[in-house]
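Below: one structure, written as structure tokens.
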Amino acid sequence: MGQLSLHDVRKSFETFEVIKGVDLEVRDGEFVVFVGPSGCGKSTLLRMIAGLEEISHGDLLIDGKRVNDLAPVKRGIAMVFQSYALYPHMSVFENIAFPLRVERMAEALLRERVLNAARILHLEERLEQKPGLLSGGQRQRVAIGRAIVRQPKIFLFDEPLSNLDAALRGDMRIELAKLHRQLKATMIYVTHDQVEAMTMADRIVVLNAGRIEQTGAPLELYHKPANTFVAGFIGNPRMNMLTVTCAGVSEAGVAVEYGGRTITVPVVPRAVQPGETLTLGIRPEHVEMGAGDLALTLVPGVIERLGAQTVAYAGLGSEGVAFCAMLAGAAVIRVGEPVEAGVRAVDCHLFDAAGQAFERRVELTDIDLDLLKVTAA
Ligand SMILES: Nc1ncnc2c1ncn2[C@@H]1O[C@H](COP(=O)(O)OP(=O)(O)OP(=O)(O)O)[C@@H](O)[C@H]1O
Ligand SMILES: [Mg+2]
């Protein structure tokens, strides 16, 4: 078992509160990813779970047992860092075996554990070499091997792939996903990388300044962000945020006005007065050439041709508000030449003055079906 509960967990460094009350339940075998801007407390929270950092307030439970004061080695947790921290004078075998040597494990069992980890990580041929001879990805696998041999209930990863180049990162991402399936252990993973978070996580926890902004499955956060922070953080390029005026509320949703044009966003209506300022969220990938429910006149300033897609950084309307659109690879657009684009009302997000989302009338199951339809087409 590797079930984890955090109840109002806080951390202060002297008078500076870094973790400001975190509540979180992680199920046994779940893969949870922490994301958030630099300095928001991801590593601190992970280190508190590992026992490397004292918990100032609140309770940390593993399988229902309070472990706040339990020594790190007794928590059944293994942590893998960005820096591999391997011993250069020891062989790969001894590096992996190190935590078992510390435990004074019998040689036969130790060998079995190390060889098993090496097999899982494709390091069998490297066991007698020194880490200096290995590539970055292989070194990181040795560090992961050192975690595996301990057979922890919970693995903690702090940006383990960020020192690797893009191709290797992609390979390791797939290896880690396989490893998770194979070991069925609970994993908590910190990353800056959107793609890692979206593809590896059962659930993503979005942190901001020591608090959880939202917790949910990757597509839940993408389609139903709770607020402007999560909406801006999940998705790349970032969601466009337009300042709009409420034009009325009906059963169909909330009508908003932008640049003399009106669109009814199909959200669950709630008390909001005509004339109030709201924020309309439009993801770049939802902008289409030609008219949509809301027409957008864009003047591209910078155009990035990626092959499969074209990303246009444009000015919107007469004021030239910064706006990003992700269009088809072959989109016929030129720098400085206005183009008519549009967005469907059903793709829009709406936020109140405090940045809280209006609930979208979109069922995730519907979206999943839509996705299937698109892929099949
Ligand atoms: N030992 C410490 N003493 C004082 N402040 C600390 C200490 N460790 C971390 N902090 C502060 O706590 C905050 C959170 O740091 P943390 O390393 O957890 O952020 P992070 O989300 O992991 O950031 P990054 O993405 O850059 O790794 C920062 O403001 C940092 O300066
Ligand atoms: Mg960190």
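The values are calculated or read from the model by the stated rules, or taken from the named source; none is laboratory data. Not measured: the values here are computed from a predicted model. Ideal geometry is used to build each Cβ from the backbone, glycine not excepted, and the neighbour counts take in all protein chains shown. Only protein heavy atoms, including side chains, enter the accessible area calculation; ligands, DNA and RNA are left aside. Shrake-Rupley method; radii C 1.70, N 1.55, O 1.52, S 1.80 Å.
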Under a Cβ-only charge scheme (Lys and Arg +1, Asp and Glu -1), can you give me the dipole magnitude of the chain about the Cα centre, in debye to the nearest 20? 1280
So what is the calculated 222 nm ellipticity per residue for the chain, using -39500 (n - 2.57) for each DSSP H run with n of 4 or more, over all residues, to the nearest 500 deg cm²/dmol? -7500 deg cm²/dmol
Contour minus Cα-Cα distance for L70 and H7 (0.36 nm per residue): 21.0 nm
Quick one: give the max-minus-min coordinate of the C-alpha atoms of segment 125-182 along each principal axis, largest first, in Å. 31, 27, 19
Estimated FRET transfer efficiency (E103, A322; beta-carbon r; R0 41 Å; 0.05): 0.15
If the only charges are +1 at each Lys and Arg Cβ and -1 at each Asp and Glu Cβ, what is the size of the charge dipole of segment 168-232 around the Cα centre, to the nearest 20 debye? 160
Could you compute Rg(Cα) / (2.2 N^0.38 Å) for segment 1-132, with N its residue count? 1.25
Determine the percent antiparallel among the DSSP beta bridges restricted to the chain, to the nearest 5. 80
Summed residue charge, Cβ within 10 Å of A78's Cβ, Lys/Arg positive, Asp/Glu negative: +4
For the chain, the longest principal axis of the Cα atoms and the Cα long axis of helix 166-183 enclose an angle in degrees, to the nearest 10, of 70
Signed unit charges on C-beta, dipole axis of the chain, positive-most listed residue N236, V92, F157: V92
Once M1, M241, M326 are ranked on solvent-accessible area with the largest value leading and a 1.4 Å probe, the list reads M1, M241, M326
In the full protein assembly as shown, how much of Y258 is accessible to a 1.4 Å probe, in Å² to the nearest 10? 50
Counting Lys and Arg as +1 and Asp and Glu as -1 over every other residue whose Cβ sits under 12 Å from the Cβ of Y87, the net charge comes to +3
extent check for segment 140-216: Cα max minus min per principal axis, descending, whole Å, gives 34, 30, 19
Rounded to a whole number, the Stokes-Einstein D of segment 231-361 in µm²/s (Kirkwood radius over Cα pairs; 10 °C; 1.306 mPa s) is 106
Separation of alpha-carbon centers, segment 19-33 and segment 275-336, rounded to whole Å: 37
In Å, what is the Rg of the alpha-carbon atoms in the chain, and how long is Dmax? 24.4, 77
Candidate residues E159, E125, E288: accessible-area rank, largest first, probe 1.4 Å: E125, E288, E159
Roughly how many Å is it from the Cα centre of segment 89-167 to that of segment 187-263, as a whole number? 38
Please give the contour-minus-distance gain from E112 to Q182: 0.36 nm per residue of separation, less the Cα-Cα distance, rounded to one decimal in nm. 23.5 nm
Of T228, T262, T191, ordered by accessible area with the largest first and a 1.4 Å probe, the sequence is T262, T228, T191
Quick one: dipole size for segment 231-361, taken about the Cα centre, charges +1 on Lys/Arg Cβ and -1 on Asp/Glu Cβ, in debye to the nearest 20. 220
